[in-house]
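One structure is given here, and the rest of the page talks about it.
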Amino acid sequence: MTVRLRQRLKRYAICSALTVPLELAIVAGLPLDYAFAFVLAVSLPMFWACGPFQADVSLNTALDERDRVWWRIALYLVPGAMALYWHWHLRD
């Protein structure tokens, strides 16, 4: 993996980690216009992040097929899953 791709995945993981507190703030009662702007600003990079993370899951030799399936599902559905994947499998 190139250094540039690793840095990009790290930035995406940070954005993914930020989505969790923002979603909790929405549930706690943050005004909807602010909440919508924050979620849109943080979630927009997640659309570009899906491809590189899914590619890394496919090529990760440390994962068996069952783990790959679960990581693919989690990366799409679970807020903060990209940060967890980066922390467990990509961090130096």
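The values are calculated or read from the model by the stated rules, or taken from the named source; none is laboratory data. The model shown is predicted, which means the values in this text are computed figures rather than measured ones. Cβ atoms come from the backbone with ideal geometry, glycine included; neighbour counts cover every protein chain shown. Note: accessible area is taken over every heavy atom of the protein model, side chains too, but ligands, DNA and RNA are not part of it. Shrake-Rupley method; radii C 1.70, N 1.55, O 1.52, S 1.80 Å.
Per residue, how much accessible area does the chain have with a 1.4 Å probe, in Å²?
68
Give me the one-decimal nm value for the distance between modelled label points at L84 and T2, 7 Å along each residue's Cα-to-Cβ direction.
Using points 7 Å along Cα→Cβ, the separation is 3.0 nm.
Please tell me the relative contact order of the chain in percent, rounded to the nearest whole number, where contacts are Cα pairs under 8 Å and at least six residues apart.
With pairs under 8 Å counted, the relative contact order is 43 percent.
Using a 1.4 Å probe over the heavy atoms of the protein chains, calculate the carbon and sulfur portion of the accessible area of the chain as a whole percent.
68
Which value, in Å to one decimal place, does the Kirkwood hydrodynamic radius take for the chain when every pair of different Cα atoms is included? Before the final figure, lay out each step's value.
Working: mean 1/r = 0.0725 Å⁻¹.
About 13.8 Å, per the Kirkwood formula over Cα pairs.
So, R0 is 35 Å and r is the distance between the beta-carbons of T61 and A37; what FRET efficiency does that work out to, to 0.05?
On the way: r = 41 Å, r/R0 = 1.16.
With a Förster radius of 35 Å, E is 0.30.
Span-like helices, the chain: DSSP H, alpha-carbon axial extent 27 Å or more, mean Kyte-Doolittle 0.5 or greater, which ones?
What comes out of the filter, once short or polar helices are dropped, is 3-28, 32-59.
Work through the residues other than A74 whose Cβ is under 12 Å from its Cβ and net out their charges, Lys, Arg +1 and Asp, Glu -1.
+1
In Å, what is the Rg of the alpha-carbon atoms in region 26-75, and how long is Dmax?
Answer for region 26-75, Rg first and Dmax second: 15.5, 44 Å.
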